[in-house]
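Peer 1: Have a look at this one.
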């Protein structure tokens with residue numbers, strides 16, 4: 001029943017193919033939400049070059065992994081962490097090919113009027129250590145790799161205990177950005193891929209967090225079905241055009257296109273460890289989901 005409901009939901013979310021186009025010729029892609037703006041441009045470029053269609057659904061990597069294991073008919077999975085690729089393999093789910101796509105970054109978004117506005121990184125660090133903030137928005141570390149990196153960065157900044165009433169957890173990186181722009185927080189930890197958006201410059205300031213403050217955010221591309229259409233888009237994701245778009249959105253792309261093993265030679269494939277609930281001190285904070 002669960003699998004049937006997921007399939008029906010996806011069919012309702014995506015309209016049928018254009019006249020004369022077979023459904024199997026339109027890859028269905030599950031992508032981590034931090035990729036949304038870059039991937040929209042990549043899909044537009046791909047469709048302009050090939051006249052082929054692609055359909056993309058954005059959300060958290062953890063939620064997509066659960067849906068795929070329950071039978072969601074995705075052809076490709078663009079995950080924000082290798083951990084979820086490993087979970088698919090551990091459950092003997094078909095993985096045709098995989099490799100690192102790019103490396104992400106995160107930063108602090110400080111809204112205008114926040115108690116942390118007009119501070120440099122050192123000033124923000126000191127304010128955080130002394131609890132001088134109302135609320136902090138970040139992605140939920142339980143199923144969003146960017147949330148794990150955010151917690152690691154806050155700990156590197158000297159914040160070891162976060163009061164649960166001062167923490168606002170988003171279901172995904174995209175929802176975390178919405179919370180950060182809402183005016184109800186002093187600080188949001190968001191992907192650098194959002195830094196160039198007009199609303200970010202209009203409503204606040206973005207400061208890039210040093211990479212040494214958290215473990216690498218390695219984005220993976222995973223080919224789940226070996227159809228010609230799916231493979232073509234999978235390969236296009238490492239094309240010069242696609243990588244140029246990724247770079248323009250703040251991703252590091254200096255990695256060789258790995259063999260079909262999920263490994264790459266020039267970037268570490270280690271996955272950040274999930275922080276314990278004792279370290280986070282936020283065990284009862286409710287997760288706010290998209291409406």
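The values are calculated or read from the model by the stated rules, or taken from the named source; none is laboratory data. Everything numeric in this text was worked out from a predicted model, so none of it was measured. Note: ideal-geometry Cβ built from the backbone for every residue, glycine included; neighbour counts use all protein chains shown.
Peer 1: Surrounded by fewer than 19 Cβ atoms within 10 Å (Cβ to Cβ), in the same structural domain as residue 138 (by TED's automatic domain parsing) and at pLDDT 95 or above: is that true of residue 202 in this structure?
Peer 2: When the stated conditions are applied, residue 202 does not pass them.
Peer 1: Give the number of residues within the range 98-133 that are in contact with a helix residue (DSSP H, G or I) (Cβ under 8 Å, 6 or more places away or on another chain), outside any strand (DSSP E or B) and surrounded by 15 or more Cβ atoms within 10 Å (Cβ to Cβ).
Peer 2: Looking only at that region, the number is 5.
Peer 1: Test residue 89 against the criterion of being closer than 23 Å to residue 62 by Cβ, at pLDDT 90 or above and part of a helix (DSSP H, G or I), and give yes or no.
Peer 2: On the way: closer than 23 Å to residue 62 by Cβ: yes; at pLDDT 90 or above: yes; part of a helix (DSSP H, G or I): yes.
For residue 89, the condition - closer than 23 Å to residue 62 by Cβ, at pLDDT 90 or above and part of a helix (DSSP H, G or I) - is met.
Peer 1: Looking at this structure, is residue 238 modelled with pLDDT of 95 or more, under 23 Å from residue 42 (Cα atoms), within 19 Å of the chain's Cα centre (by Cα) and in a loop (DSSP other than H, G, I, E, B)?
Peer 2: yes
Peer 1: Inside the range 64-100, can you point out the residues that are in contact with a strand residue (DSSP E or B) (Cβ under 8 Å, 6 or more places away or on another chain) and within 25 Å of residue 156 (Cβ to Cβ)? Step through it out loud before you land on a result.
Peer 2: Residues of the range 64-100 in contact with a strand residue (DSSP E or B) (Cβ under 8 Å, 6 or more places away or on another chain): 64-65, 67-68, 72-82, 84-85, 88, 95-100.
Correct list: 79, 80, 81, 82, 84, 100.
Peer 1: Pick from the range 167-189 the residues that are under 20 Å from residue 131 (Cα atoms) and part of a loop (DSSP other than H, G, I, E, B): which of them is modelled with the lowest pLDDT? Break it down stepwise before answering.
Peer 2: Pass one, the range 167-189, residues under 20 Å from residue 131 (Cα atoms): 167-169, 179-180, 183-189.
So of that shortlist, the ones also part of a loop (DSSP other than H, G, I, E, B) come out as 183-186.
Details: 183: 85, 184: 89, 185: 93, 186: 94.
Step by step, filter the range 167-189, then rank; the result is 183.
Peer 1: Would you be able to tell me the number of residues in the range 134-166 that are modelled with pLDDT under 90 and surrounded by 19 or more Cβ atoms within 10 Å (Cβ to Cβ)?
Peer 2: 3
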